[in-house]
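Here's the structure, in structure tokens; my notes come after.
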Amino acid sequence: MAKTGTTTQGLRAAIERSGYYPALVAEAVEAAVGGEPVVSYLVHQETTFDANEVRRHVTVLVLTGNRFIVSHTDEQAADGTSPSPYATTSTESVKLDRISSVVLSRVVANPEAYTPGTLPREVVLTIGWGAVSRIDLEPAACGDPNCDADHGYTGSATADDLSLRVSEAGDGPDTVRQALAFAQALSEATAATGR
């Protein structure tokens with residue numbers, strides 16, 4: 001379930017509607033936001049299956065006039081370090097001018113009949129600010145199939161700080177619209193910092 005909006009009160013209400021440890025999540029997010037006005041936000045709850053356990057996760061994205069704030073909260077089962085279940089919450093605050101990319105991938109059914117304004121079946125929002133990079137390497141080769149020389153390695157580096165998938169089937173059409181709205185607000189905000 002994802003919710004988006006533009007007020008601090010709306011952000012608090014969306015966190016409460018998610019039903020996922022709302023007091024814990026709201027306190028962490030509100031502490032990170034501080035006194036800044038909220039421009040836009042997205043609250044996305046996700047349920048995953050890990051072996052024979054069901055785990056929940058909530059991601060809260062907040063855009064202020066100066067910063068992008070991302071919060072993750074996960075629940076954990078009791079284990080060797082804790083005799084009772086527990087939750088972990090983290091927040092990261094990123095200045096808007098540090099955001100290097102906002103990628104929005106849209107999956108559209110029946111593209112040959114696409115009409116502008118039709119809602120995508122799913123969207124994937126990927127945001128990069130340089131905190132996490134992934135390097136994919138493979139052995140380099142030349143065009144000669146008989147060559148056994150060492151040509152070193154070739155590869156690519158990809159910024160991969162946050163990737164969030166929202167689908168119409170899993171989250172509902174309103175959630176897809178909300179993710180699109182947040183992505184647009186963030187993209188516009190990062191473009192404005194470059195002026």
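The values are calculated or read from the model by the stated rules, or taken from the named source; none is laboratory data. Because the structure is predicted, anything quoted here is derived from the model rather than measured. Using ideal geometry, Cβ is built from the backbone for each residue, glycine included, and neighbour counts are taken over all protein chains shown. Please note that ligands, DNA and RNA were not included when accessible areas were found on the heavy atoms of the full protein model with its side chains. Shrake-Rupley method; radii C 1.70, N 1.55, O 1.52, S 1.80 Å.
Here are some notes:
- Identity of the residue in region 163-195, in contact with a Lys or Arg (Cβ under 7 Å, 6 or more places away or on another chain) and part of a helix (DSSP H, G or I), that ends up farthest from Ile127 (Cα to Cα): Glu168
- Scope region 13-26; condition open to solvent by 80 Å² or more (accessible area, probe 1.4 Å) and under 13 Å from Ser71 (Cβ atoms); matching residues: Tyr21
- Listed conditions (1) crowded, with 16+ Cβ neighbours inside 10 Å; (2) touching a residue at least 24 places away in the same chain (Cβ under 8 Å); (3) more than 15 Å from Phe182 (Cβ to Cβ) are all met by Leu104, apart from (3).
- Selection count where residues are touching a Pro at 6+ places or on another chain (Cβ under 7 Å) and among the aromatic types (Phe, Trp, Tyr), scope region 36-77: 0
- Of the residues making up region 157-170, those that are modelled with pLDDT under 85 and either of a type in the set (Asp, Glu) or open to solvent by 60 Å² or more (accessible area, probe 1.4 Å) (or both) are Ala157, Asp160, Asp161.
- When we screen Ala109, Ala87 for residues that are surrounded by 11 or more Cβ atoms within 10 Å (Cβ to Cβ) and in a loop (DSSP other than H, G, I, E, B), the only hit is Ala109.
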